[in-house]
Amino acid sequence: MGDEPLILGIETSCDETGLAVVRGTTVLSNVLASQVEAHARFGGVVPEVAARAHVEAIRSLTHRALAQAGVHQLDLDAIAATRGPGLAGALMVGFAYGKALAWGLDTPFLGVDHMEGHLFAPLLEDDTFGPPAIVLLVSGGHSQIVRMDDWGVYETVGSTIDDAAGEAFDKLARFLGLGFPGGPAIDRESEGGDPQAVSFPRALPDRPFDFSFSGLKTAVTTFVRERHAAGTLPPLADLAASIQEAIVDVLVSKTFNAAEAAGISTVGGGGGVVANRRLRVRMAEEAERRGVTLYLSSPALSTDNGAMIAAAGRFRFRQGERTPLGAEIDPSLRLGS
Ligand code: KG4
Ligand code: ZN
C-alpha cells in the first residue's frame with residue numbers, strides 16, 4: 001500500500017462535478033456537487049448550465065477532497081481527469097483544470113475515458129474484481145457490453161443501436177411526468193408496482209448482444225395514449241415497474257448470454273443505471289443461477305464520481321502512461337471499439 005500512488009480524480013463530463021482522492025483501491029475522499037436542481041426545471045441537462053456550474057464548484061470541491069483525505073496537494077503523485085466521452089463544454093472545465101493543476105504542481109497528468117472509469121468502479125469496493133470479465137456499462141449517454149481480457153484490453157461485444165439505457169429511463173420518465181433525472185424517478189415509482197402488469201416489447205432478440213430502446217419508447221407512448229383515451233390506464237406504479245422490467249430484462253439476459261458465449265464466469269457492471277435496484281436484484285439472481293461471480297459498483301460509485309476516474313487513472317499511471325498537457329478533450333471517445 002505504501003508504494004501505491006496518491007491520485008486526484010476529476011470528473012466533469014456531464015452534470016456532476018466529482019473530485020476524489022484515491023490511494024491504491026482505497027477511496028480516501030469522494031465529493032460531489034450535483035447540478036440536478038439547476039437542470040430539473042429544463043427537464044434535462046443543459047450543456048451551458050453544466051459547464052458554468054462545473055467552473056463554480058471545482059476549486060472548492062478540490063480543497064474539500066484533499067482536506068477530507070487528509071493530504072496536501074503536494075503529496076499527489078498524479079492527477080486524472082475525464083477526457084471524454086461527454087459534453088464538450090463540461091469536459092473542458094475539468095480537463096483544463098486538471099492540466100493546469102498538474103502543470104502548477106509539476107505532477108503527471110492522465111486523461112481518462114469516462115466509460116473506463118465506470119468499468120474500474122467495482123474494483124474500488126472489491127479488489128478481487130478483474131479480467132477475464134464481461135462488463136455491462138450503462139450510463140445516460142452510452143450502453144455497451146464489454147469483454148475485458150486484461151485491464152486496458154477491451155472489446156465491445158454489444159452496444160445500443162439507438163438510445164442508451166439511461167436515456168430510455170430519462171425519456172420515458174419525462175413522458176410519464178415523473179421529472180428529471182428519470183432513472184431514479186422510475187426506480188422509486190416502481191416500488192410496489194407489478195412488473196408483469198404490462199408486457200412491453202423486448203428489443204432485438206435476433207442481435208444477441210446489442211440493445212435498442214426506441215421501440216420500447218414507441219410502445220409505451222402508444223399504450224399510454226390509447227389506454228388514457230379509453231380510461232383504462234393502469235396505475236403509475238405498475239406502468240413504471242413494467243417499463244423498468246422491459247429495460248432490465250434485456251440488459252440482464254444479454255449480459256449473461258455474452259458471458260456464456262465467451263466462456264467467462266465473471267460479470268461486472270458500472271454506470272448510472274447500475275444504481276437501479278431492480279437491475280441489481282435481477283443481476284444477482286441471474287449470477288447465482290448461472291454460477292457466475294458478479295461485481296457491481298455500489299449505487300454511489302455507479303453514478304458519475306471522481307473516484308472512478310482516479311481508479312482508471314491509477315491503472316494508466318502504473319502502466320507508465322502520461323497525457324501531454326497539450327492534449328485536448330475528446331467528446332466522442334469510444335471504449336473498446
Ligand atoms: O453514469 P451516469 O451517472 O452519467 C452518465 O455518464 O451519463 O448515468 C446517468 C444515468 C441517467 O440516465 C440516470 O437516469 C440513470 O443513469 N440512473 C438510473 C438510476 N440512477 C441513475 N437509472 C435507473 N435507475 C436508477 N436508480
Ligand atoms: Zn457516467
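The values are calculated or read from the model by the stated rules, or taken from the named source; none is laboratory data. If you're wondering where the values come from, they're calculated on a predicted model, not measured in any experiment. Using ideal geometry, Cβ is built from the backbone for each residue, glycine included, and neighbour counts are taken over all protein chains shown. Just the protein is used for accessible areas: all its heavy atoms, side chains included, with ligands, DNA and RNA removed. Shrake-Rupley method; radii C 1.70, N 1.55, O 1.52, S 1.80 Å.
Within the stretch 265-297, the set of residues being more than 12 Å from ligand 1 (Cβ to nearest atom) and of a type in the set (Gly, Ala, Ser) comprises SER265, GLY268, ALA284, ALA287, GLY291. Residue count for the stretch 119-146 under the criterion of being assigned to a strand (DSSP E or B) and over 17 Å from the mean Cα position of the chain (by Cα): the result is 1. Go through (1) in contact with a Ser or Thr (Cβ under 8 Å, 6 or more places away or on another chain); (2) assigned to a strand (DSSP E or B) and name the single condition LEU61 misses. Among (1) in contact with a Ser or Thr (Cβ under 8 Å, 6 or more places away or on another chain); (2) assigned to a strand (DSSP E or B), the lone unmet condition for LEU61 is (2).
The requirement of being touching a residue at least 12 places away in the same chain (Cβ under 8 Å), away from ligand 2 (no atom under 16 Å from the Cβ) and not in a loop (DSSP other than H, G, I, E, B) is not satisfied by LEU204. Of the residues making up the stretch 145-158, those that are in contact (Cβ under 8 Å) with a residue 60 or more places away in the chain and either open to solvent by 10 Å² or more (accessible area, probe 1.4 Å) or more than 16 Å from ligand 1 (Cβ to nearest atom) (or both) are ARG147, MET148, TRP151, GLY152, TYR154, GLU155, THR156, VAL157, GLY158.
For the stretch 144-181, residues that are aromatic (Phe, Trp, Tyr) and closer than 25 Å to PHE129 by Cα total 2.
Take PRO195 and tell me if it is open to solvent by 30 Å² or more (accessible area, probe 1.4 Å), more than 16 Å from ligand 2 (Cβ to nearest atom) and closer than 25 Å to ASP113 by Cα. Spelling it out, it is not the case that PRO195 is open to solvent by 30 Å² or more (accessible area, probe 1.4 Å), more than 16 Å from ligand 2 (Cβ to nearest atom) and closer than 25 Å to ASP113 by Cα.
Need at least 2 residues that are open to solvent by 50 Å² or more (accessible area, probe 1.4 Å) per element, so show me which helices (runs of 4 or more DSSP H) inside the stretch 232-337 make the cut, counting only ones lying wholly within it.
In the stretch 232-337, 236-262, 277-290, 299-302 are the helices (runs of 4 or more DSSP H) which contain 2 or more residues that are open to solvent by 50 Å² or more (accessible area, probe 1.4 Å).
In the stretch 28-48, of all residues being in contact (Cβ under 8 Å) with a residue 60 or more places away in the chain and outside any loop (DSSP other than H, G, I, E, B), the one that is most open to solvent (accessible area, probe 1.4 Å) corresponds to LEU32. Being more than 16 Å from ligand 2 (Cβ to nearest atom) and out of contact with any strand residue (DSSP E or B) (no Cβ under 8 Å at 6 or more places or on another chain) is a property that holds for ALA100.
Is it fair to say ARG41 is basic (Lys, Arg) and at pLDDT below 95?
On the way: basic (Lys, Arg): yes; at pLDDT below 95: yes.
Considered against the rule, which asks whether it is basic (Lys, Arg) and at pLDDT below 95, ARG41 comes out as yes.
Of all residues in the stretch 1-27, count the ones that are open to solvent by less than 10 Å² (accessible area, probe 1.4 Å) and in a strand (DSSP E or B). The number of residues fulfilling the criteria is 12. Annotation for the stretch 247-264: at least one member residue is away from ligand 1 (no atom under 12 Å from the Cβ), on the phi > 0 side of the Ramachandran plot and not charged (D, E, K, R).
Yes or no, residue by residue, for (1) outside any helix (DSSP H, G or I); (2) over 23 Å from the mean Cα position of the chain (by Cα):
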| position | (1), (2) |
| --- | --- |
| GLY166 | no, no |
| ALA173 | no, no |
| GLY179 | yes, no |
| GLY192 | yes, yes |
| LYS217 | no, no |
| THR221 | no, yes |
